[in-house]
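Contents: one structure, followed by commentary.
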Amino acid sequence: QTNLPAATTNSVTPANIIAATLIGEAGGEGKNGMQAVLNVIMKRSKNDFEKASGVCLARKQFSMWNGVKDKSKIISKNSHHPKWKEALELVEQAKKGTLQDITKGASSYYAHKKVTPYWASSMDETVVIGNHTFMKPHIKK
(Lines give C-alpha, C1' and ligand atoms only; values in the text may rest on other atoms or scores of the structure.)
Protein backbone atom coordinates (compact mmCIF):
# COMPACT_ATOMS: atom_id res chain seq x y z
CA GLN A 1 0.00 0.00 0.00
CA THR A 2 1.35 3.40 -0.98
CA ASN A 3 0.72 6.69 0.76
CA LEU A 4 -0.85 8.77 -1.98
CA PRO A 5 -2.16 12.32 -1.66
CA ALA A 6 -5.87 12.78 -1.21
CA ALA A 7 -7.77 12.99 -4.49
CA THR A 8 -8.83 16.56 -3.67
CA THR A 9 -5.34 18.02 -3.90
CA ASN A 10 -4.77 20.64 -6.60
CA SER A 11 -1.19 21.56 -5.84
CA VAL A 12 1.01 21.98 -8.89
CA THR A 13 3.58 19.27 -8.20
CA PRO A 14 5.39 17.15 -10.79
CA ALA A 15 3.42 14.04 -9.72
CA ASN A 16 0.09 15.88 -10.00
CA ILE A 17 0.99 17.34 -13.40
CA ILE A 18 1.83 13.88 -14.71
CA ALA A 19 -1.25 12.25 -13.15
CA ALA A 20 -3.48 15.02 -14.54
CA THR A 21 -1.93 14.38 -17.97
CA LEU A 22 -2.75 10.68 -17.71
CA ILE A 23 -6.35 11.48 -16.80
CA GLY A 24 -6.72 14.16 -19.48
CA GLU A 25 -5.19 12.06 -22.23
CA ALA A 26 -6.37 8.57 -21.28
CA GLY A 27 -8.60 8.61 -18.21
CA GLY A 28 -11.30 6.84 -20.18
CA GLU A 29 -8.87 4.22 -21.45
CA GLY A 30 -8.38 2.40 -18.15
CA LYS A 31 -5.13 1.49 -16.44
CA ASN A 32 -3.40 0.16 -19.58
CA GLY A 33 -4.24 3.29 -21.54
CA MET A 34 -2.91 5.55 -18.82
CA GLN A 35 0.19 3.38 -18.37
CA ALA A 36 0.88 3.55 -22.10
CA VAL A 37 0.67 7.36 -22.07
CA LEU A 38 3.03 7.39 -19.10
CA ASN A 39 5.38 5.10 -21.02
CA VAL A 40 5.52 7.73 -23.78
CA ILE A 41 6.14 10.49 -21.24
CA MET A 42 8.97 8.50 -19.67
CA LYS A 43 10.44 7.63 -23.08
CA ARG A 44 10.48 11.33 -24.01
CA SER A 45 12.09 12.21 -20.68
CA LYS A 46 14.71 9.46 -21.20
CA ASN A 47 13.34 7.75 -18.05
CA ASP A 48 14.33 10.76 -15.93
CA PHE A 49 11.36 11.33 -13.62
CA GLU A 50 12.62 14.84 -12.81
CA LYS A 51 12.04 15.81 -16.46
CA ALA A 52 8.69 14.05 -16.91
CA SER A 53 6.40 16.90 -15.84
CA GLY A 54 8.26 19.25 -18.19
CA VAL A 55 7.61 16.79 -21.01
CA CYS A 56 3.89 16.90 -20.15
CA LEU A 57 3.82 20.70 -20.25
CA ALA A 58 6.01 21.14 -23.35
CA ARG A 59 4.32 23.27 -26.00
CA LYS A 60 1.88 21.34 -28.22
CA GLN A 61 2.90 17.91 -26.93
CA PHE A 62 -0.15 16.90 -24.90
CA SER A 63 -3.24 18.65 -26.21
CA MET A 64 -4.96 18.83 -22.83
CA TRP A 65 -2.39 21.45 -21.71
CA ASN A 66 -2.59 23.59 -24.86
CA GLY A 67 -3.48 27.15 -23.89
CA VAL A 68 -3.82 26.34 -20.17
CA LYS A 69 -2.77 29.22 -17.95
CA ASP A 70 -3.88 27.92 -14.53
CA LYS A 71 -2.50 24.41 -14.11
CA SER A 72 -4.07 24.05 -10.66
CA LYS A 73 -7.58 24.20 -12.19
CA ILE A 74 -6.81 21.28 -14.50
CA ILE A 75 -5.21 19.32 -11.66
CA SER A 76 -8.17 20.03 -9.39
CA LYS A 77 -10.68 18.97 -12.06
CA ASN A 78 -8.78 15.82 -13.01
CA SER A 79 -8.14 14.86 -9.36
CA HIS A 80 -11.88 14.18 -9.04
CA HIS A 81 -11.77 11.60 -11.85
CA PRO A 82 -12.51 8.04 -10.66
CA LYS A 83 -9.12 6.88 -12.00
CA TRP A 84 -7.06 9.58 -10.18
CA LYS A 85 -5.71 7.20 -7.51
CA GLU A 86 -4.74 4.70 -10.21
CA ALA A 87 -2.98 7.48 -12.14
CA LEU A 88 -1.00 8.46 -9.03
CA GLU A 89 -0.05 4.82 -8.45
CA LEU A 90 1.33 4.63 -12.01
CA VAL A 91 3.23 7.87 -11.46
CA GLU A 92 4.73 6.40 -8.29
CA GLN A 93 5.90 3.34 -10.26
CA ALA A 94 7.54 5.63 -12.83
CA LYS A 95 9.23 7.58 -10.06
CA LYS A 96 10.61 4.34 -8.56
CA GLY A 97 11.71 3.11 -11.99
CA THR A 98 9.46 0.04 -11.84
CA LEU A 99 6.92 1.01 -14.51
CA GLN A 100 6.82 -1.65 -17.22
CA ASP A 101 6.82 -0.43 -20.84
CA ILE A 102 3.75 -1.86 -22.58
CA THR A 103 4.23 0.25 -25.73
CA LYS A 104 7.34 -1.45 -27.11
CA GLY A 105 9.36 1.75 -26.88
CA ALA A 106 6.81 4.19 -28.31
CA SER A 107 7.65 7.89 -28.17
CA SER A 108 4.37 9.15 -29.66
CA TYR A 109 0.71 8.23 -29.94
CA TYR A 110 -2.49 9.51 -31.44
CA ALA A 111 -6.23 8.92 -31.16
CA HIS A 112 -6.77 6.89 -34.34
CA LYS A 113 -10.55 7.41 -34.39
CA LYS A 114 -10.08 11.18 -34.67
CA VAL A 115 -7.32 11.82 -37.20
CA THR A 116 -4.01 10.44 -38.41
CA PRO A 117 -1.40 13.14 -37.78
CA TYR A 118 1.06 14.21 -40.47
CA TRP A 119 4.00 12.76 -38.54
CA ALA A 120 2.59 9.22 -38.35
CA SER A 121 3.89 8.30 -41.82
CA SER A 122 7.46 8.86 -40.63
CA MET A 123 7.06 6.41 -37.72
CA ASP A 124 6.39 2.73 -37.08
CA GLU A 125 3.35 1.51 -35.20
CA THR A 126 4.27 -0.44 -32.07
CA VAL A 127 0.90 -1.26 -30.49
CA VAL A 128 -2.74 -0.19 -30.33
CA ILE A 129 -4.17 0.22 -26.84
CA GLY A 130 -7.79 1.29 -26.65
CA ASN A 131 -8.34 4.35 -28.83
CA HIS A 132 -4.65 5.18 -29.17
CA THR A 133 -2.06 4.03 -31.69
CA PHE A 134 1.49 4.10 -30.32
CA MET A 135 4.45 4.86 -32.56
CA LYS A 136 8.23 5.08 -32.57
CA PRO A 137 10.66 6.47 -35.15
CA HIS A 138 11.54 4.32 -38.15
CA ILE A 139 14.62 2.24 -37.53
CA LYS A 140 17.26 3.24 -40.06
CA LYS A 141 18.90 0.29 -41.77
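The values are calculated or read from the model by the stated rules, or taken from the named source; none is laboratory data. These numbers were taken from a predicted model, which means no experiment stands behind them. Glycine gets a Cβ as well: all are built from the backbone with ideal geometry, and neighbour counts include every protein chain shown. Areas reflect the complete protein model, heavy atoms only, side chains present, ligands, DNA and RNA absent. Shrake-Rupley method; radii C 1.70, N 1.55, O 1.52, S 1.80 Å.
Under the convention that each Lys and Arg Cβ holds +1 and each Asp and Glu Cβ holds -1, the size of the dipole of the chain around its Cα centre is about 360 debye. Can you list residues from other chains, or at least 5 along the same chain, whose modelled amide H is less than 5 Å from the amide H of Ile129? Result for Ile129 returns Phe134.
Give me the percent relative contact order of the chain, please, defined on Cα pairs under 8 angstrom at least 6 residues apart.
Working: 202 pairs, mean separation 41.1, N = 141.
Relative contact order of the chain: 29 percent.
Under 5 Å from the amide H of Asp124 lie the amide H atoms of Lys136, His138, each residue being 5 or more positions distant or on a separate chain, with H modelled from the backbone and absent for Pro and chain starts.
So what is the accessible area of the chain per residue, in Å², with the probe set to 1.4 Å? Please list the in-between numbers first.
Details: 8140 Å² over 141 residues.
Ligands and nucleic acids excluded, the result is 58 Å² per residue.
For the chain, there are no membrane-span-like helices by this rule, meaning no whole DSSP H stretch whose C-alpha atoms cover at least 20 Å of axis and whose Kyte-Doolittle mean is 0.5 or above; this says nothing about an actual membrane. How much of the accessible area of the chain, probe 1.4 Å, is carbon plus sulfur, in whole percent? Using a 1.4 Å probe with all protein chains present, the chain comes out at 49 percent carbon and sulfur.
Decide, for the chain, between rounded, prolate and oblate: order the square roots of the alpha carbon gyration tensor eigenvalues as a ≥ b ≥ c, take rounded if a/c falls under 1.5, and otherwise choose prolate if a/b is larger than b/c, else oblate. Prolate, because a/c is 1.5 or more and a/b exceeds b/c. Only protein heavy atoms count here; on that basis, with a 1.4 Å probe, Asp101 has an accessible area of about 80 Å².
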